[in-house]
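Note sheet for the following structure.
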Amino acid sequence: MSTLTIFFIVNPARPRRVTLVSIFSKNLLLLIVIMRLVQMNRKLALKSMDSLRGSLVVIPDFERRIAEVESFVKITTNMMQVLAEFVNKKIESEVGGLRIELSDKIEEKENAGEVNH
């Protein structure tokens, strides 16, 4: 059997007409859902176009919102920069402490090695 014939064998016990009705009904349902989504999308697009044509207040409102978002982004960026600097200093201090501890342990082992020889 080729892969094409295997693909179309759904259930050998079901009659072919039942399978065709099932496929047709599923495709019809899918088509109805897609048409409904397109219809909803058109309604939303027309409402937004009408609101843009109907009022000139919309443009300053968008500008205000954009300014608010820009301000929020600047504040957030500054806060993230301060936090990054804090974390960087914390890491540097921890690494510095670990370096001191490691060099002390190396000196102790070197001293212990010299004493044993």
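Values quoted throughout were computed directly from the atomic coordinates according to the rules given, and no laboratory measurement underlies them. Every value quoted in this text rests on a predicted model; they were computed, and no experiment measured them.
Here are some notes:
- For LYS105, a cut-off of 16 angstrom between C-alpha atoms picks up no lysines at all, skipping any fewer than 8 places away in its own chain.
- The coefficient of translational diffusion for the stretch 70-117, derived via Stokes-Einstein from the alpha carbon Kirkwood radius under 10 °C and 1.306 mPa s, stands at 116 µm²/s.
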